[in-house]
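Structure first, then comments.
Coordinate-derived values only; no laboratory data. A quick note: this is a predicted structure, and the numbers were derived from the prediction, not measured. Glycine also receives a Cβ, built like all others from the backbone with ideal geometry; neighbour counts cover every protein chain displayed.
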Amino acid sequence: YVDQLLRGVVEPLMLHVIAELPSHGYHIAKEIERRSSGYFRLTASTVYSALRRLEAEGLVRSAWLSMSSTPRRRYYYLTDKGRETLSEKLHEWERFSVAAEQVLAGE
């Protein structure tokens, strides 16, 4: 059941993390895991498939960066379109959450 729920929120969660700090896929996944207290554990396949989709949709762009102490990594950055989409998705998430809470509360 968690996998089904996660399908709808992986990309907005990733966009949010990238918006705060452009990073590479592994770091994005670990940051989501850390912030969710381990609840969201994304596989490499999930992360990189989502990043490819986001890039194809023009929501993120990527660039290879080399650091002196680490191997070269592909970093992802939010585009203007990505910022707009993230804002829309967060607004819709708030509406969804409120509606779900109302149903559960019997309102």
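Tabulated data
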item	result
Rounded if a/c under 1.5, otherwise prolate or oblate - segment 64-107, Cα gyration tensor axes	oblate
Stokes-Einstein diffusion coefficient of segment 1-47, Kirkwood radius over Cα pairs, 10 °C, 1.306 mPa s, in µm²/s	149
Over the chain, relative contact order from alpha-carbon pairs under 8 Å, at least 6 apart, %	26
Evaluated at q = 0.12, 0.16, 0.24 Å⁻¹: base-10 log I(q)/I(0), Debye formula over Cα of the chain	-0.45, -0.75, -1.40
Amide H partners (placed H, <5 Å) of Ser23, local residues excluded	Tyr76
Length-normalised contact order for segment 1-55 - Cα pairs under 8 Å, 6+ apart - percent	31
Where chymotrypsin sites (Phe, Trp or Tyr not before Pro) fall in DSSP loop in segment 6-107, at most 13 other Cβ within 10 Å	Tyr39
Backbone HN-Hα couplings from phi across segment 23-33 [Karplus 6.51/-1.76/1.60, Hz, Gly and Pro as x]	7, 9, x, 4, 5, 4, 4, 5, 5, 5, 4
Cleavage-rule hits (GluC sites (Glu not before Pro)) in segment 26-70: DSSP loop, at most 14 neighbouring Cβ within 10 angstrom	Glu57
